[in-house]
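Here the structure is laid out as structure tokens; the discussion comes afterwards.
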Amino acid sequence: MLELNGERIELKQERMASGIKYSNEHFVYTNWHGETKLYKDGKLIFSDSK
């Protein structure tokens, strides 16, 4: 579950060789080697790296 601007978004986990990926029909959330990205309808809307 992800909350964005007051909207609750339910995501399902997908298998990856490394890192994590969750998605639904509109959103994709990934984290790989400390880099987090969130896409909505194929467009990057959030990115953060550590």
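A few remarks follow.
- If you take all other residues with their beta carbon under 12 Å from the beta carbon of Tyr22, and give Lys and Arg +1 and Asp and Glu -1, the sum is +2.
- Within the straight-line cut-off of under 17 Å between alpha carbons, the lysines reachable from Lys12 are Lys21, Lys37, Lys40, sequence neighbours fewer than 8 places apart in one chain being disregarded.
- Residues His26, His33 arranged by fewest to most Cβ contacts within 10 Å: His33, His26
- Site-free segments of the chain were taken between GluC sites (Glu not before Pro) in DSSP loops having at most 10 other Cβ atoms within 10 Å, sites themselves excluded; the longest one is 26-50.
- Net +/- balance of residues flanking Phe46 in space, Cβ distance below 12 Å, scoring K and R +1, D and E -1: +1
- Label sites at Ser47 and His26, each approximated as a point 7 angstrom past Cα along Cα to Cβ, lie 2.3 nm apart.
- Near Trp32: Cβ cut-off under 13 Å, other residues only, Lys/Arg at +1 and Asp/Glu at -1. The net charge is 0.
Each reported figure results from applying straightforward, stated rules to the coordinates on display, with no laboratory input. Because the structure is predicted, anything quoted here is derived from the model rather than measured. A quick note on method: Cβ atoms are made from the backbone with ideal geometry, for glycine too, and the neighbour counts reach across all protein chains shown.
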